[in-house]
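What follows is a short report on a single structure.
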Amino acid sequence: MRIKRWIATGAVAIATVGALNTLPASAGHPYNPADQSLRNLGLRHDLYMGTAVSMAALNDAADPRYRELVASEFSTVTAENEMKWESLEPTRGTYNWGPADELIAFAKQNNQRVRGHVLVWHNQLPGWLTTGVNDGSITTEQLREILRNHITTVVKHFKGKIWQWDVVNEAVSDPWDTPSTLHYKGFWAQHLGPDYIADAFRWARAADPKALLFYNDYNIEAFGSGDPANDKTQFVYDMAKSLLAQRVPIDGVGSQGHLGTQYGNYDTLQVAAALKKFAGLGLATAFTEVDVRSQLTEAVQNGDSNEINPRLQASAANYSVLLQACLADRHCLSFTVWGFTDKHSWVPNWFGNEGMANIYDENYQPKRAYNLMKGDLIYTGPPYVLPRIPQKPRK
Ligand code: G3I
């Protein structure tokens, strides 16, 4: 039975890859996969290649290349900021849907899927909400009701237009936080206790039964090799397992993938092992915010190739590790980079002396990371890389 199923899936995969490798050559030129976009190459594996989008950059008439590349290279998009609470409801009760709706329209026009980011997070909350809680004019009971109302209103507004929602983001501490044992952190855990997580998924499911619902976090690319009590990935795994046991409608776990070349990071086998464990729970997985930054030393800033080249190489290798692991796991549905050009990146603003995190440089020239990812998409195939399994929202 198992063998039969393997043969059937393998045959479909080989047929798919075979068919795609014989795509019609254009006007006498042989088909060259290196000329294909990331999005087309990803779809050979049913893998959606995505980017976060800055609406300011997308609408900058002086910078048309940004828009062209979002449309041509990617099959899924995420609003970098425009679906966050402070953007959607800057004044209590008054929603500003404009920029987010614009992204949805852009995605539709370009036949792209949309990842919704984000329903519940402790950052980028509107001032009226945090102030109200801090000065006591919003009580705990009211806060819970406000959250329920926010999730319901937002998910209903975008109903049918969002493929995957990041329902809860970054709810878990890092091992180096205080207290040092892993715990539920941030505004929501502090004011509502950890049960807000199960509630959020249930409210989101009720508002759009067809969207896939994700928990999303950073530093969960692989399991650590040390004490499980200090292992954030293990904590998230246990949380997801427990939510499933309570029949909470969680469909997937998103691994952000914000890496830095100054750290050791992981190899493909470690990342693949983590994805496999989450898949073992029946969950979908996705890389949701991948970028690999480097320290910008004085030599780097002065253009010293002895310092620049190893950074480009290390960044590319880390992108490739995550992509290969995702490709090899049939539950890994999408691979989204957190911005694609160094021209528009959160990294320098956030870290000051770090940058070079994206797959195109500031002049939209593809970097080594872009080419390595393309190579991964081109040269991988059965038996280790098979098309994604269809994922349906959990009942
Ligand atoms: O909109 C204001 C603008 O009016 C003002 O002129 C400008 C001046 O600084 O600030 C603008 O807001 C900034 C906003 O990005 C839009 O550019 C905020 O200061 C800035 O803090 C905000 O940063 C975002 C960050 O989340 C905030 O938490 C980054 O763009 C965004 O890339 C980043 O994304 C997060 C994910 O959502 C979750 N995972 C981590 C990831 C990286 O931090």
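A few points about this structure:
- Members of region 104-158 found to be within 16 Å of the ligand (Cβ to nearest atom), surrounded by 18 or more Cβ atoms within 10 Å (Cβ to Cβ) and within 19 Å of the chain's Cα centre (by Cα), listed by number: VAL114, ARG115, GLY116, HIS117, VAL118, LEU119, VAL120, TRP121
- Residue match in region 176-194 (condition: of a type in the set (A, V, I, L, M) and either under 20 Å from the mean Cα position of the chain (by Cα) or within 14 Å of the ligand (Cβ to nearest atom) (or both)): no
- Entry remark, region 39-76: residues being surrounded by 21 or more Cβ atoms within 10 Å (Cβ to Cβ) and of a type in the set (D, E, K, R) number 3 in total.
- Members of region 342-367 that are more than 13 Å from the ligand (Cβ to nearest atom) and within 17 Å of the chain's Cα centre (by Cα): ILE359
- Extreme residue, farthest from the ligand (Cβ to nearest atom), among residues of region 77-91 that are more than 22 Å from SER334 (Cβ to Cβ) and surrounded by 15 or more Cβ atoms within 10 Å (Cβ to Cβ): GLU89
- Residue check, ASP227 away from the ligand (no atom under 16 Å from the Cβ), exposed (fewer than 15 other Cβ atoms within 10 Å of the Cβ), of a type outside the set (Gly, Ala, Ser) and over 18 Å from ALA274 (Cβ atoms): no
- Test for ALA206: is it more than 16 Å from the ligand (Cβ to nearest atom) and closer than 21 Å to ASN123 by Cβ: no
- Failed item in (1) at pLDDT 95 or above; (2) surrounded by fewer than 23 Cβ atoms within 10 Å (Cβ to Cβ); (3) farther than 22 Å from ARG115 by Cα, with GLY352 passing the rest: (1)
- Restricting region 208-218 to residues that are surrounded by fewer than 19 Cβ atoms within 10 Å (Cβ to Cβ) and not basic (Lys, Arg), the residue that is nearest to PRO390 (Cα to Cα): PRO209
- Some residue of region 136-157 being outside any helix (DSSP H, G or I) and charged (D, E, K, R): no
- Any hit, region 305-321, residues being closer than 18 Å to GLY260 by Cα and within 16 Å of the ligand (Cβ to nearest atom): no
- Restricting THR297, THR288 to those that are buried (at least 19 other Cβ atoms within 10 Å of the Cβ), farther than 16 Å from LYS374 by Cα and of a type in the set (Ser, Thr, Tyr) reduces the list to THR288.
- Candidate set: region 261-294, residues that are small (Gly, Ala, Ser) and under 13 Å from VAL321 (Cα atoms); chosen: the one nearest to the ligand (Cβ to nearest atom): ALA274
- Candidate set: region 92-103, residues that are among the hydrophobic types (A, V, I, L, M, F, W, C) and within 16 Å of the ligand (Cβ to nearest atom); chosen: the one surrounded by the most Cβ atoms within 10 Å (Cβ to Cβ): ALA100
The values are calculated or read from the model by the stated rules, or taken from the named source; none is laboratory data. Remember, predicted model here, so these are calculated numbers, not experimental data. Don't worry about glycine lacking a Cβ; one is built from the backbone with ideal geometry, like all the others, and counts go over all protein chains shown.
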